[in-house]
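Step one of this worksheet: look at the structure below.
The values are calculated or read from the model by the stated rules, or taken from the named source; none is laboratory data. What you are looking at is a predicted structure, and each value in this text was computed from that prediction instead of being measured. Cβ coordinates were reconstructed from backbone atoms using ideal geometry, including for glycine residues, and neighbour counts include every protein chain displayed. Note: areas computed on protein heavy atoms with side chains; ligands, DNA, RNA excluded. Shrake-Rupley method; radii C 1.70, N 1.55, O 1.52, S 1.80 Å.
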Amino acid sequence: MKKFFITTAIDYANGSPHLGHAYEKVLTDVIARFRRLMGDEVFFLTGLDEHGQKVQQSARARGIAPQTFVDELAVEFQELCRRLDISNDDFIRTTQERHKAVVRRILQELYDKGGIYKADYKGFYSTRQEQFLQEKDRNEDGSWPEIFGEVTEITETNYFFKLQKYQQWLIDYIRSHDDFIIPRFRQKQVLEFLSEPLNDLCISRPRERLEWGIPLPFDEAFVTYVWFDALLNYYSGVADKPGFWPADFHVIGKDILVPPHAVYWPIMLKAAGLEPPKALLVHGWWSINGAKMSKSTGNFIEPVAFAEQYGVDALRYFLIREMSIGQDSDFSLQQFLNRYNAELANDLGNLVNRTLNMTNRYCGAVVPAAGSAGEPESELKALWEKTRDEVIALNEEFQFHTGLERAFGFIRAINRYAEQRAPWKLAKSEDPADRATLETTLATMAEALRLAVALLEPVMPRAAGRVAELLGASRDGAWRERLAWGDSLAGAKVGKTAILFPRPNVA
Ligand code: MSP
């Protein structure tokens, strides 16, 4: 079995989960489920980024200890995973001892090798962004952009990690590994960043300014810079699992590609004598109703509440169907409802009901054996084989939105097939030939539906499981084999009708 290690970014523990967090977890989950179905041994890691100034500030604002604060959020984020059917194998928190031990070990090793040095640093510091700023960060008129909040000039003694030493190595590495950054167009942005000389990275914060972090093992008057700490989660998460490093994919948003994931992280690993991850999969950002999501203006979606109202599978479906990886996308309730009604309730939901109803009515709730196939059956089977191969190929390339489009194209073809054969008319005939066609039609519909929902398993695990159960279909055995057109349902007892996607209750 091929080992496959995939991660999400670890979310900042300074507020409740939002749609962006939900999307990244669903996307990663779809990949993880797909790889498992393809036969890989998958390890799927997600978690929480719990140190740093923002967390310390948020906890203070609430008048509670940072640990208490992050403990509450960890419950909320883990609940998010559970409620969205995220199949993560582990949930790492950067305050866990297993993580801190790895961070200390790597820091000590780098320090011993001379990769970390102490120096004075004078510069403009943004408290809000927890970073020293550079001249190029200024607005044209010399002021600092608003996102930095209050900016003050300070001098500090700190520890620095030698980034620049590896700049050329990184450029060469990226140039010779075309599949390191996906989608490929983002590579340019990274190489542009690397065309300027890199500064070494300040990886410490004096304790008097920031308490809430991992103390440096070689100087306890300092804590570790939050990005240096957070990035290492990917490695500490599998420290006790031989064979999983390097990660196959880190799934991240476009805002954290440069510099943390594309520059700091590979260099940190290189300096520590570890292999870089095989690839960074970079997704775009969601806006809501055309605007940036923001809790304060109410342009915000609570993913758990949304899934409760409209269904987990419907939310997962929409997120994956709507966004083409790499591009930005907009979440509007209207567009969600359009897809829900047309694709989930009509195309898929009605097909399930039609198939079950007629099998109950005309065949005593038992799927008949398919007789000899006519042209419509052969055409549908050929379309299935084409769709299946295309969808698998698209999934391998992370084109899940197109994969879903194709899968639903097949679902609509099953509906058209039913219209063409019109089993409800055949059922009225006394002619044994019509009876035979009726049975073939219902057998074909059931088989095609079984296959279509098997293809949807990574995206809509609940609906797929429910339909398989209603059709009396077994889900044992390798997925690829289950995707072969056959007569496996003949004799299966089907369930009564079920409303998979009820008309949504829109207030
Ligand atoms: N804690 C850091 C990541 C450390 S990884 C070693 C962080 N956290 S975050 O909570 O701000 O963001 C977590 C992930 O959510 C990031 O990949 C980010 O791109 C993603 N998203 C945050 N808002 C988003 C949208 N509006 N849309 C899509 N994804 C977005 O960054």
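Miscellaneous remarks
- Descending by average beta-carbon neighbour count within 10 Å, the peptides 217-226, 65-74 line up as 217-226, 65-74, the highest first.
- Built amide H within the under 5 Å cut-off of ILE92, gap 5+: THR46, GLY47, LEU48
- Residue list for region 412-450, given a label point 7 angstrom along the Cα-to-Cβ vector of ASP487 and an amide N cut-off under 15 Å: 436-448
- Largest first, the residues LYS25, LYS254 sort by 1.4 Å accessible area into LYS254, LYS25.
- Centre-to-centre, using Cα atoms only, region 430-507 and region 225-246 are separated by 42 Å.
- Building the convex hull from the alpha-carbon atoms of region 332-482 and averaging its projection over directions returns 9.5 nm².
- Taking amide H as placed 1.01 Å from N in the peptide plane, the amide H of VAL42 sits under 5 Å from that of PHE4, each at least 5 places away or on another chain.
- In terms of packing, defined here as the mean over residues of other Cβ atoms within 10 angstrom, the peptides 310-317, 11-18 line up highest first as 310-317, 11-18.
- Euclidean distance of C-alpha centroids, region 59-108 and region 270-342, integer Å: 22
- Phi-derived couplings, Karplus 6.51 cos²θ - 1.76 cosθ + 1.60 at θ = phi - 60°, listed residue by residue for region 231-242: 4, 5, 4, 5, 8, 5, x, 10, 4, 9, 10, x Hz, with x used for Gly and Pro.
- Placing +1 on the Cβ of every Lys and Arg and -1 on the Cβ of every Asp and Glu, with no other charges, gives the chain a dipole of roughly 900 debye about its Cα centre.
- Each stretch of four or more DSSP H residues adds -39500 (n - 2.57); spread over every residue of the chain, this sum gives -13500 deg cm²/dmol at 222 nm.
- Residues ILE182, ILE267 ordered from highest to lowest accessible area at a 1.4 Å probe: ILE182, ILE267.
- Mean sequence separation of contacting Cα pairs (under 8 Å, at least six apart), scaled by the length of region 332-482, corresponds to a relative contact order of 27 percent.
- Note that region 130-135 has calculated 3J(HN,Hα) couplings of 6, 8, 6, 9, 10, 3 Hz, one per residue in order, obtained from phi through the Karplus relation 6.51 cos²θ - 1.76 cosθ + 1.60 (θ = phi - 60°); glycine and proline are x.
- Note on LYS113: lysines with a C-alpha under 27 Å away, same-chain residues under 8 apart excluded, are LYS100, LYS122, LYS162, LYS165, LYS241, LYS270, LYS278.
- Highest average first, the peptides 448-457, 379-388 ordered by how many other beta carbon atoms sit within 10 Å of their residues are 448-457, 379-388.
- Neighbours of LYS165, meaning other residues whose beta-carbon lies under 11 angstrom from its beta-carbon, give a summed charge of +1 when Lys and Arg score +1 and Asp and Glu score -1.
- Protein accessible area in the chain, 1.4 Å probe - carbon and sulfur %: 48
- On a per residue basis, region 332-482 carries 42 Å² of accessible surface, using protein heavy atoms and a 1.4 Å probe.
- Per-residue Karplus couplings for region 399-415, computed as 6.51 cos²θ - 1.76 cosθ + 1.60 with θ equal to phi - 60°, are listed in order as 8, 5, 5, 6, x, 5, 4, 5, 4, 6, x, 5, 4, 5, 5, 5, 4 Hz, Gly and Pro entered as x.
- Amide proton proximity set for ASN299, modelled H, under 5 Å, gap of 5+: SER294
- Within-14-Å neighbourhood charge of GLU419 [Cβ basis; K, R +1; D, E -1]: +3
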